[in-house]
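Notes follow the structure.
The values are calculated or read from the model by the stated rules, or taken from the named source; none is laboratory data. Treat the numbers as computed from the prediction; the structure is a model and nothing was measured. Cβ atoms come from the backbone with ideal geometry, glycine included; neighbour counts cover every protein chain shown.
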Ligand code: PCA
């Protein structure tokens, strides 16, 4: 079994992105599952193509994309991706699309096909703050989640896919005023490991 995990480059004022830093801490193998880790650019133009190339190269059994949501106090298991690009800050290419679709003529939204409720329950059981989020925003993370689910749908891949937003690390938060909510990087990584294990368990239960 193969799982594709993606994280992002730093963006905005940040010098690190907890999504990719946390993914790097995960083992390459968890039980019978091999974990493939890929870095995505914070780019409306290129993130989707890098993701699709990774899916083609890896042929995964599930895909979990991860990004930073500064100000969150726990892991946000995203439920919905919408067909909208509406950026409040420029991406790393300097692009700031407004009121544009991710895919012209695509459906308005896609639901995550990860076991979102099971993931939240497993995180809570491990004492890791987590919640279901009903909006992944309108920036590059939503763009990637929509692209992922549109690709799975249009290429008839029968694999689960979805998105998890993670908070600032304590190191990031320590540099800001007022001090925002944050989590230890190790705790974020532990949460992502739990999300992977829950997804693998649900795949095994299906087969
Ligand atoms: N977070 C941004 C894009 C990259 C990231 O890590 C977002 O929430 O859209």
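Odds and ends about this structure:
- Tally of residues being surrounded by fewer than 14 Cβ atoms within 10 Å (Cβ to Cβ) and either in contact with a helix residue (DSSP H, G or I) (Cβ under 6 Å, 6 or more places away or on another chain) or in a strand (DSSP E or B) (or both) across the stretch 72-88: 0
- Flag for residue 26 being at pLDDT 95 or above, surrounded by fewer than 20 Cβ atoms within 10 Å (Cβ to Cβ) and within 11 Å of the ligand (Cβ to nearest atom): no
- Unique match (being away from the ligand (no atom under 14 Å from the Cβ), in contact (Cβ under 8 Å) with a residue 24 or more places away in the chain and at negative phi) among 179, 120, 140, 166: 120
- Residue in the stretch 33-55 that is surrounded by fewer than 17 Cβ atoms within 10 Å (Cβ to Cβ), on the phi > 0 side of the Ramachandran plot and more than 10 Å from the ligand (Cβ to nearest atom) present: no
- Out of 186, 151, sole residue that is out of contact with any strand residue (DSSP E or B) (no Cβ under 8 Å at 6 or more places or on another chain), in contact (Cβ under 8 Å) with a residue 40 or more places away in the chain and more than 19 Å from residue 35 (Cβ to Cβ): 151
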